[in-house]
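The values are calculated or read from the model by the stated rules, or taken from the named source; none is laboratory data. Please read these numbers as outputs of a predicted model, since none were measured by experiment. Note that we place each Cβ from the backbone using ideal geometry, even for glycine, and neighbour counts take in every protein chain shown. For the accessible areas, the whole protein counts, side chains as well, though only heavy atoms, and no ligand, DNA or RNA atoms are used. Shrake-Rupley method; radii C 1.70, N 1.55, O 1.52, S 1.80 Å.
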Amino acid sequence: MAKFTPPPLDGLKRRIDRHRQHLAGQRSGMFVRETYQMSRTDAREKAREWFEEFPKAAYWTEVESWRQLEGDQIEFTMRRLPTAD
């Protein structure tokens, strides 16, 4: 009897990467988003910069998502409205 082996995912990974790169230059929905990868200390500073430049009450600024990578690296996405109107 043949043993089942899952198909390779390399093609799917490439398609997902291309799709994300294509969307990177476009605004999705009504929010402006930027994703960063940096050390934990630098990530905190970058988030503070966003909250100082785009106050949460006016721009709905928030850390939309984050995850810890290897070492002290953090990947996170900041989100805000394009204007305070």
**Complete:** With a 1.4 angstrom probe the carbon and sulfur portion of accessible area for the chain, in percent, totals 51 percent
**Fill in**
Under the Karplus relation with 6.51, -1.76 and 1.60 and θ = phi - 60°, whole-Hz ³J(HN,Hα) for the stretch 52-58, x at Gly and Pro, equal 6, 6, 10, x, 4, 5, 8
**Fill in**
Excluding residues fewer than 8 positions from Lys46 in its own chain, the aspartates and glutamates with Cα under 14 Å of it are Glu34, Glu62, Glu64, Glu75
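Tell me, in nm to one decimal, what length is gained between Phe4 and Glu64 on full extension, where the rule is 0.36 nm per residue of separation less the Cα-Cα distance?
17.7 nm
Please work out the average accessible area per residue across the chain, using the 1.4 Å probe convention, and give it in Å².
Dividing the accessible area of the chain by its residue count gives 84 Å².
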**Fill in**
Residue by residue through the stretch 35-51, the couplings from Karplus 6.51 cos²θ - 1.76 cosθ + 1.60 with θ = phi - 60°, in Hz, x for Gly and Pro, are 10, 10, 10, 7, 5, 4, 4, 5, 5, 4, 5, 5, 4, 4, 4, 4, 5
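Which order do peptides 34-46, 71-83, 7-19 fall in by mean Cβ count within 10 Å, highest first?
Most protected by this proxy first, the peptides run 71-83, 34-46, 7-19.
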**Asked** Quick one, which of (i) -1.05, -1.13; (ii) -0.95, -1.12; (iii) -0.86, -0.96 is the actual log10 I(q)/I(0) by the Debye sum over Cα atoms at q = 0.21, 0.23 Å⁻¹ calculated for this model?
**Response** (i)
**Item:** Structure-based [θ]222 nm, the chain - -39500 (n - 2.57) summed over DSSP H runs of at least 4, per residue, nearest 500
**Value:** -12000 deg cm²/dmol
